[in-house]
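The values are calculated or read from the model by the stated rules, or taken from the named source; none is laboratory data. All of these numbers come straight from a predicted model, not from anything done at the bench. Surface areas here come from the heavy atoms of the whole protein model, side chains and all, with no ligands, DNA or RNA. Shrake-Rupley method; radii C 1.70, N 1.55, O 1.52, S 1.80 Å.
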Amino acid sequence: MCIFCKIVNKEIPSSVVLENDDFLAFKDINPSAPVHILIIPKKHIESFNDVDSETMAKMTPFIKEVAKKVGVFEDGYRLITNINDNGGQEVKHLHFHLLGGTKLAWPKLV
Ligand code: 5GP
Ligand code: ZN
């Protein structure tokens, strides 16, 4: 079972921000910004490449609710999903990084 499935099953503790039947939002253990939340489907989907449009449609309002709950909705934030090796995906369970809480840099990535 992957590490995020273990977090969903509460086998590994996490700092939960928001949860419903289908999705979980929790704080990244190694934050890259003052606000750094990971948002995942509870069912194991390997990456964005594998997600169906129905799941994404349900995930969209959940992500916005998380952004509101952590107080970044109006000021702005960034969503990132890393995909496979070139994308730098370390955990092979679809997750969106929600980053904010300050003016974020937009660095050159190569
Ligand atoms: P990726 O590189 O796959 O896009 O991002 C994986 C993210 O998961 C990283 O930002 C990393 O800090 C976070 N992470 C890895 N293991 C854990 C964990 O056990 N708990 C939490 N809360 N975050 C984790
Ligand atoms: Zn998983």
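Computed values, structure above
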quantity	calculated
Residues with amide H under 5 Å from that of Phe23, placed H, sequence gap 5 or more	Lys42
Under the Karplus curve 6.51 cos²θ - 1.76 cosθ + 1.60, θ = phi - 60°, whole-Hz ³J(HN,Hα) for the range 84-96, x wherever Gly or Pro sits	6, 5, 5, x, x, 6, 9, 9, 8, 9, 2, 8, 9
Nearby lysines by direct alpha-carbon distance to Lys64 (threshold 19 angstrom, same-chain neighbours under 8 apart not counted)	Lys27, Lys42, Lys103
For the chain: rounded, prolate or oblate by the Cα gyration tensor [a/c cutoff 1.5]	rounded
Solvent-accessible area per residue, Å², over the range 54-110 with all protein chains present [probe radius 1.4 Å]	68
Probe 1.4 Å - accessible area at Phe26, Å² to nearest ten	10
Ranking by accessible area, most exposed first, for Glu19, Glu54 with a 1.4 Å probe	Glu54, Glu19
Relative contact order computed over the chain (Cα-Cα under 8 Å; 6+ residues apart), in percent	31
Interchain or long-range residues, amide H under 5 Å from Asp28's placed H	His36, Ile37, Leu38
Accessible-area order (highest first, 1.4 angstrom probe) of the listed residues Leu94, Leu104, Leu109, Leu18	Leu109, Leu104, Leu18, Leu94
Rounded to whole Hz, the Karplus (6.51, -1.76, 1.60) HN-Hα couplings of the range 47-56, x for glycine and proline	7, 4, 4, 9, 7, 8, 5, 5, 5, 4
Fraction of accessible area attributable to carbon and sulfur, the chain (%, probe 1.4 Å)	52
Prolate/oblate/rounded call for the range 42-107, Cα gyration tensor, a/c under 1.5 rounded	oblate
Calculated [θ] (222 nm, deg cm²/dmol) that DSSP helices of n ≥ 4 give over the chain, each run adding -39,500 (n - 2.57)	-7000 deg cm²/dmol
3J(HN,Hα) from dihedral phi, the range 27-34, Karplus parametrisation 6.51/-1.76/1.60, rounded to Hz, x for glycine, proline	6, 5, 5, 10, x, 9, 7, x
